[in-house]
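Comments concern the structure below.
The values are calculated or read from the model by the stated rules, or taken from the named source; none is laboratory data. This one's a predicted model, so the numbers in the text were calculated from it and none came from an experiment. In this analysis, Cβ positions are derived from the backbone assuming ideal geometry, glycine residues included, and neighbour counts consider all displayed protein chains. We work out accessible area using only protein heavy atoms, side chains counted, and drop any ligands, DNA or RNA first. Shrake-Rupley method; radii C 1.70, N 1.55, O 1.52, S 1.80 Å.
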Amino acid sequence: MTSDSGAAQAATNPYDKKFHYVEDDNYDPHCFFSSGLAQNRKRLGFIATCSTVQCKDGGSSGYDALLPFKEDLAEWLYKMIRAEIEPEDFFPELQSGVHLCKLGIHMQHLSVKYNREHPEDITEVPKKPPTLKYANATRKSPPFFCRDNISNFLDWSIEFGVKPSCRFETDDLTMRKNDRQIVIHLMEVGRLGVKFGIEPPTLIKLEMSLEEPMAPPAKGASTLDEKVQALAAECCCSVPFKVNRVSEGR
């Protein structure tokens with residue numbers, strides 16, 4: 001009976017991956033990143049350069065520059081709060097503010113839990129999670145329902161550490177004025193969660209892996225310069241030449 005229910009649950013996972021459940025007390029805050037990586041994080045410059053075209057669901061040309069980010073964030077939201085959102089409907093599904101508040105509530109819970117388990121970590125946590133005032137709101141609900149939910153999430157984001165350059169405004173989502181800024185905001189929330197041991201979106205993980213310093217060469221191993229000099233010494237050209245090292249790799 002248990003195996004059948006487990007199989008049925010796995011079949012409903014639109015991403016077919018093993019994620020931590022919202023109420024999983026066995027969640028290991030160290031399973032992805034240590035909080036130290038957050039100290040040297042960079043801004044979302046790569047998103048700004050990759051998404052210079054403002055698109056709304058593909059636009060008339062059918063090309064959506066934000067689609068990779070929407071897919072990544074949709075997967076992340078499923079993992080965080082079990083929100084099943086299709087990338088094509090990503091922004092409309094967020095317009096009620098319900099998913100955003102649930103995300104903030106869950107991340108607040110994990111952050112408080114992390115600080116309780118690591119009293120030596122003095123990273124501040126927002127005083128309280130965002131208030132989900134209208135839990136049954138949909139994108140077709142009265143505008144003030146949605147605006148209240150979104151506003152509560154934005155207030156929490158400020159306390160969580162999202163800087164002004166990364167924030168979106170309520171109208172950016174309710175009136176679809178700036179889809180790109182919404183992506184930047186959510187990616188930044190995911191990045192800030194790393195310092196509390198929370199897994200970020202995949203694109204943030206990739207960016208962080210590229211930022212990690214390369215390990216120094218093992219003791220006794222030949223450097224690139226030594227290998228180049230050795231190859232140059234084997235040259236049997238009639239006119240001898242010298243190879244000078246300009247910089248690493250050149």
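Here is how the numbers come out for the structure above:
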read-out	value
Fully extended contour minus Cα-Cα distance, from L67 to K227, at 0.36 nm per residue	53.2 nm
Sites K113 and E169 - FRET efficiency at Förster radius 35 Å, r taken between beta-carbons, to 0.05	0.70
Neighbour-limited loop hits for GluC sites (Glu not before Pro), the stretch 73-127 (at most 15 other Cβ within 10 Å; DSSP other than H, G, I, E, B)	E84, E120, E124
Net +/- balance of residues flanking Y134 in space, Cβ distance below 11 Å, scoring K and R +1, D and E -1	+1
Computed lengthening from E159 to R82, 0.36 nm per intervening residue step minus Cα-Cα distance	25.3 nm
Local net charge near V125, Cβ-Cβ under 12 Å (Lys/Arg +1, Asp/Glu -1)	+2
Cα-Cα over 23 Å, subset of K177/K205; K128/K195; K70/K102; K140/K205; K128/K177	K177/K205; K140/K205; K128/K177
Mean Cβ count within 10 Å, highest first, over the residues of peptides 163-175, 179-191	179-191, 163-175
Ranking by accessible area, most exposed first, for L77, L231 with a 1.4 Å probe	L231, L77
Simple label model, 7 Å out from Cα along Cβ direction - K242 to L206, nm	4.5 nm
